[in-house]
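Chemist: Structure incoming, see below.
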Amino acid sequence: MTSSRPPSGPARPSGPIRLLLADDQELLRLGYRMILDAQPDLEVVGEADDGLAAVALTLQRSPDLVLMDVRMPGIDGIEATRRIITARPRTRVLILTTFDLDDYVVTGLRAGASGFLLKDARKEELLSAIHAVAAGDSVIAPSATRRLIESHVLGGGTGASVPDPALERLTQREHEVFLLVAQGLSNSEIATVLTLSEATVKTHVARVLAKLGLRDRVQAVVRAYESGQIRPGGNGRVRG
């Protein structure tokens with residue numbers, strides 16, 4: 001993981017969710033703006049056509065969330081994400097990509113993005129992802145899959161896992177929750193598996209993220225693969 005600082009995820013914005021659009025294709029930005037401007041709880045506060053502009057506008061306008069393209073002139077969306085998260089940790093980044101096997105996706109997650117979505121996602125999926133990320137959760141496109149994580153985190157499934165001493169800080173129950181989060185289960189599903197209340201699961205998830213210095217559930221997935229807690233061919237699943 002690229003950052004060891006404790007998570008500093010935002011509370012859900014009390015007013016409209018302030019959005020910044022970063023994409024070098026003007027027609028795509030126009031399409032996104034038409035969808036987003038029609039929502040009473042969303043506000044587009046700026047548009048950037050390259051990575052450097054995305055960073056500069058983020059610092060100027062303090063959006064809650066940046067919709068970030070990957071391939072842009074100047075610096076790409078991955079480096080822009082890294083700079084934004086370093087300068088403004090409370091700003092969330094949702095990467096938008098054309099292909100579900102884009103080489104940059106996991107690199108973007110490691111840079112601090114809270115997830116990614118395919119550009120051909122339906123309007124409802126886009127809006128749902130925006131609200132989830134703004135509320136402090138994370139999103140992975142449904143088609144992006146374990147093979148993406150295995151390919152990029154584990155080098156095509158052949159990379160060696162690295163023991164993670166930080167996992168020893170977890171209680172037995174927290175470790176169980178960590179593994180279920182890493183398999184893509186929601187809080188309600190974890191509650192069913194462990195026969196706990198959803199509120200208790202939420203508390204355990206927050207403690208796991210804090211103890212491991214993770215921003216969100218996406219980083220928990222990557223951490224589990226890197227440390228060998230979830231292995232290729234197992235039952236783990238990554239879900240949007």
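The values are calculated or read from the model by the stated rules, or taken from the named source; none is laboratory data. None of these values were measured; they are calculated from a predicted model. All Cβ positions, even for glycine, are placed from backbone atoms using ideal geometry, and neighbour counts span all protein chains on display.
Chemist: Report those helices (runs of 4 or more DSSP H) wholly inside region 25-123 carrying at least 3 residues which are loosely packed, with under 15 Cβ neighbours inside 10 Å. Break it down stepwise before answering.
Modeler: On the way: elements: 26-37, 51-61, 77-87, 105-110.
Result: 26-37, 51-61.
Chemist: Condition check: among the polar types (S, T, N, Q) and at pLDDT below 95. Does Gln60 satisfy that? Outline the logic, then answer.
Modeler: Values: among the polar types (S, T, N, Q): yes; at pLDDT below 95: no.
It is false that Gln60 is among the polar types (S, T, N, Q) and at pLDDT below 95.
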